[in-house]
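The values are calculated or read from the model by the stated rules, or taken from the named source; none is laboratory data. Please read all numbers here as calculations on a predicted model, not as lab measurements. As a convention, Cβ positions derive from the backbone with ideal geometry for all residues, glycine included, and neighbour counts pool all protein chains shown.
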Amino acid sequence: MNAQDQASTSLPQPVLQRRFSLSSTHKDRLDGEDDDTTIARMKKHLFAEVDGGQCTAPLSAYCFMTGFIDSVIFSAVFVWCAFQTGNSIQLALALARLFNGEHDQLFHLADQQALCSVLTFIFGAFIGRLGDKLGCKTRIWLALGTLIQTVFTMAAAIAIWQSHQGSVTDSRVSPAWTNTLSFVCIGFMSASMGLQGIMGKRVNTQFTTTVVLTTTWCELMTEPNLFDIRRMVISRDHKIMAIGSLFLGGFIGRALLDSIGSAGTLGIGAGIRLIISAWWLFVPEKKARK
């Protein structure tokens, strides 16, 4: 009995236990490989370049936001946050007043607001250079850049809400926004448009910058197939969509302004930009040339 007991205690572990251990290890290894594959697939999806021909919808939404945001600021202070041509000329006129006969050396409020818009627009456009690091046409940058625009728009909404100022003025000499927080609002709005402008330009489609449509109007009028209405012409139709989207954005922005004020309107604008940000993640990628 003693010999049998000693022999039984020296027996190896059951084979069944060993098989279970090997199977569990193999399963864990497969799960780890699946996780790595999922991460690699997601990274590939995010860093893939979008197809410019499939970007019509989000770029039209960009143009819509141009009209939407500009309707808010122009109704309050008669300054644009997207069209910097007018603001630049306004600053030139302010400088010219120093040399007229009256020697007006005052830095008027409207000129201060125009300068704030120009500087912050440039700042926002400079942020757009980050896209060169991630790829200016990649899904991750287009989504991230639009998300930054969303944050800027929400910050503008909070600033003008806390300013406790009005939303609409009928006279240039008495703007609705005059205090410091209103300048913060103008700055964030202009920065968001500067970022949107450079992002739209880098996609390089018929929508161009999505913020300045003077060139778009000129290119539309010189379109060789302008009156060829029997077929679709991408170079013509996308320009018409850009102009129409901007007009619609301005109309809706002004209608909301009368109903819920500047803060509420900008809050809705932030929500729309958040949707556009997610939209970029589903734009088809650019196909490789064969």
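Only one entry in L106, L115 is part of a helix (DSSP H, G or I), in contact with a helix residue (DSSP H, G or I) (Cβ under 9 Å, 6 or more places away or on another chain) and within 26 Å of M189 (Cβ to Cβ), namely L115. Just one of the listed residues (M241, M199) is in contact with a Gly (Cβ under 7 Å, 6 or more places away or on another chain) and either buried (at least 20 other Cβ atoms within 10 Å of the Cβ) or outside any loop (DSSP other than H, G, I, E, B) (or both), and it is M199.
Let's see how each residue does on (1) modelled with pLDDT of 90 or more; (2) surrounded by fewer than 18 Cβ atoms within 10 Å (Cβ to Cβ); (3) small (G, A, S); (4) closer than 19 Å to S174 by Cβ:
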{"site": "V77", "(1), (2), (3), (4)": "yes, no, no, yes"}
{"site": "Q84", "(1), (2), (3), (4)": "yes, no, no, no"}
{"site": "A94", "(1), (2), (3), (4)": "no, no, yes, yes"}
{"site": "F107", "(1), (2), (3), (4)": "no, yes, no, yes"}
{"site": "T120", "(1), (2), (3), (4)": "yes, no, no, no"}
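Summed over the range 128-144, the residues that are buried (at least 23 other Cβ atoms within 10 Å of the Cβ) and either touching a strand residue (DSSP E or B) at 6+ places or on another chain (Cβ under 7 Å) or under 25 Å from G86 (Cβ atoms) (or both) give a count of 1.
Of A125, A156, all but one fail to be surrounded by fewer than 23 Cβ atoms within 10 Å (Cβ to Cβ), in contact (Cβ under 8 Å) with a residue 40 or more places away in the chain and under 16 Å from the mean Cα position of the chain (by Cα); the exception is A125. Within the bounds of the range 245-261, is there any residue that is assigned to a helix (DSSP H, G or I), buried (at least 17 other Cβ atoms within 10 Å of the Cβ) and free of Cβ contacts under 8 Å to residues at least 24 places away in the same chain? The answer is yes, given that some residue of the range 245-261 is assigned to a helix (DSSP H, G or I), buried (at least 17 other Cβ atoms within 10 Å of the Cβ) and free of Cβ contacts under 8 Å to residues at least 24 places away in the same chain. A155 satisfies every condition listed in (1) touching a helix residue (DSSP H, G or I) at 6+ places or on another chain (Cβ under 8 Å); (2) assigned to a loop (DSSP other than H, G, I, E, B); (3) farther than 19 Å from I243 by Cα except (2).
Restricted to the range 165-195, and to residues there that are part of a helix (DSSP H, G or I) and β-branched (V, I, T), the residue that is surrounded by the fewest Cβ atoms within 10 Å (Cβ to Cβ) is T180. Check S21, S8 and return the single one that is in a helix (DSSP H, G or I), surrounded by fewer than 10 Cβ atoms within 10 Å (Cβ to Cβ), among the hydroxyl-bearing types (S, T, Y) and modelled with pLDDT under 90. Residue meeting the stated conditions: S8.
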